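The values are calculated or read from the model by the stated rules, or taken from the named source; none is laboratory data. Bear in mind the structure is a predicted one, so any value in this text is a computation, not a measurement. Cβ: placed from backbone, ideal geometry, glycine included. Neighbour counts: every protein chain shown. Areas reflect the complete protein model, heavy atoms only, side chains present, ligands, DNA and RNA absent. Shrake-Rupley method; radii C 1.70, N 1.55, O 1.52, S 1.80 Å.
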Amino acid sequence: MMRQAGRYMAEYQALAKRHPSFRERSEKTDLIVEITLQPWRAFAPDGVILFSDILTPLPAIGVPFDISDSKGPLIQSPVRSEEQVRQLVPIDLDKLNFVGESLRILRNEIDGKAALLGFVGAPWTIATYVVEGGMTNTYTNIKSMCHTAPNVLRGLLSHLAQAISDYIIYQVNSGAQCIQIFDSWGGQLPPHVWEQWSKPYIKQIVSRIKNECPHVPLVLYINGNGGLLERMKDTGVDVIGLDWTVDMADGRRRLGNGIGVQGNVDPAFLFSPLPVLTDEIHRVVKSAGPKGHILNLGHGVLQKTPEEAVAHFFDVTRSLRYDTLFQGSVAGELQAVA
């Protein structure tokens, strides 16, 4: 469950009071391990997701950042010039040793009882923060750079693609068994612009990981990806995550059975009566078909989500049996639409 460790859990809230800095919680090994394990101990999901942030590697390439409780990530010197791109450095993995140490400890703690999942941000999504200087609703600076400073933007994206590839390999060598790539803000681009400014750099990452770590499954998630599904297929990833605005049956038809799908229960269903949540889980699983589906939310767990509902989500999922759920179904025969 995306964001399964975090703010909705009372146990996490108590820890956050003792350690109010998010940077400390996500960059200190003992806290990372504890927070990562909290939902696994409570709900026993099949995946244990490293507690981290997609911006965590930025200081290791020469981009310092802070996190404000009210404004989110803040980058004091946004990268918008050729000179600033030249000043970026190859990723210094020694500065991320807390990630490697945490993954090694977690792999030992889990002891094969669940999969250990790492994650990264895609180059375009990381670049939105680096160029805009933080969160944005309009993306005007980086979108305009596609036309006013394309060579600067290409240089930044290429540097990020190399750094993110190195970071994925580091996570895998430290114990991560699957990696999700978040192109969280790729869905803010028109599809033809995503094809030009995001997809090539994702493909560059995937190609290198498939060459150096061929055994590691890669998941690609884009928020607002309904207009991008077919374009996401040939990135080379193993699984495509659907957000909750895509009908799972339609998504499966468009993608076919040659690629895995993940998702896509609307996180708001966790605020519904539990029987309603049960029905939605059944609907999504049936729509996805009898193979190649990872049940997940269509986005991260929302703040104030009842822990009882999270427990119910996992309990219901564990109780499902494909042989009875799909008895007489032809869902397995679906092919991608032309």
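Summing charges over all other residues whose Cβ lies under 14 Å from the Cβ of residue 27, with Lys and Arg as +1 and Asp and Glu as -1, gives -3. Ranking 153, 270, 78 by Cα position along the charge dipole of the chain, where only Lys, Arg, Asp and Glu carry charges on their C-beta atoms, puts 153 farthest toward the positive end. Across segment 305-314, coupling constants 3J(HN,Hα) worked out from phi with the 6.51/-1.76/1.60 Karplus curve, θ = phi - 60°, read 4, x, 4, 4, 6, 4, 4, 5, 3, 6 Hz, and Gly and Pro carry x. Derived scalar couplings between HN and Hα for segment 82-94 equal 4, 4, 5, 5, 5, 7, 5, 10, x, 4, 9, 5, 5 Hz in order, rounded to whole Hz, by the Karplus curve 6.51 cos²θ - 1.76 cosθ + 1.60 (θ = phi - 60°), x for Gly and Pro.
All distinct Cα pairs of the chain go into the 1/r average, and the inverse of that average, the Kirkwood radius, is 20.7 Å. Ordered from highest to lowest accessible area with the whole protein assembly present and a 1.4 Å probe, 106, 117 read as 117, 106. Near the amide H of residue 266, within less than 5 Å, lie the amide hydrogens of 298, all on another chain or at least 5 residues away, with H placed in the peptide plane. Computed from backbone phi, the HN-Hα couplings of segment 19-25 come to 10, x, 7, 5, 4, 5, 5 Hz, rounded to whole numbers (Karplus: 6.51 cos²θ - 1.76 cosθ + 1.60, θ = phi - 60°; Gly and Pro given as x). Sorting 22, 314 by solvent-accessible area of protein heavy atoms yields 22, 314, largest first, with a 1.4 Å probe.
Of 28/113; 28/291; 203/286; 210/233; 28/304, which sit over 27 Å apart, Cα to Cα? Pairs exceeding 27 Å: 28/291; 203/286.
Extending 7 Å from Cα along the Cβ direction at residue 234 and again at residue 325 yields two label points whose distance is 3.2 nm. Among 137, 225, 257, the largest mean-square fluctuation in a Gaussian network model of the chain, built with springs joining Cα atoms closer than 10 Å, belongs to 137. On segment 145-241, 51 percent of the accessible area sits on carbon and sulfur atoms, based on a 1.4 Å probe.
Here the translational diffusion coefficient of segment 163-254 follows from Stokes-Einstein with Rh set to the Kirkwood radius across Cα pairs; for 20 °C and 1.002 mPa s it amounts to 158 µm²/s.
Taking 0.36 nm per residue of separation and subtracting the current Cα-Cα distance, fully stretching the chain between residue 95 and residue 111 would add 3.1 nm.
What residues have an amide H closer than 5 Å to that of residue 119, excluding those fewer than 5 places away on the same chain, when H is modeled at 1.01 Å from N in the peptide plane? Under 5 Å from the amide H of residue 119: 180.
Taking Cβ atoms as reference points and 11 Å as the exclusive limit, the residues near residue 142 contribute a net charge of +1, counting Lys and Arg as +1 and Asp and Glu as -1. Mind jotting down the distance between the C-alpha centroids of segment 80-133 and segment 7-22, whole Å? Centre-to-centre (Cα) distance: 22 Å.
Just want to confirm a number: the relative contact order over segment 111-203, from Cα pairs under 8 angstrom separated by 6+ residues, in percent. Once divided by the residue count of segment 111-203, the mean separation gives 50 percent. The length gained by stretching the chain between residue 141 and residue 154 to full extension, at 0.36 nm per residue less their Cα-Cα distance, is 3.2 nm. Ranking 103, 320 by solvent-accessible area of protein heavy atoms (1.4 Å probe, all protein chains present), from largest to smallest, gives 320, 103.
Relative to one another, the C-alpha centroids of segment 208-257 and segment 269-298 are positioned 18 Å apart.
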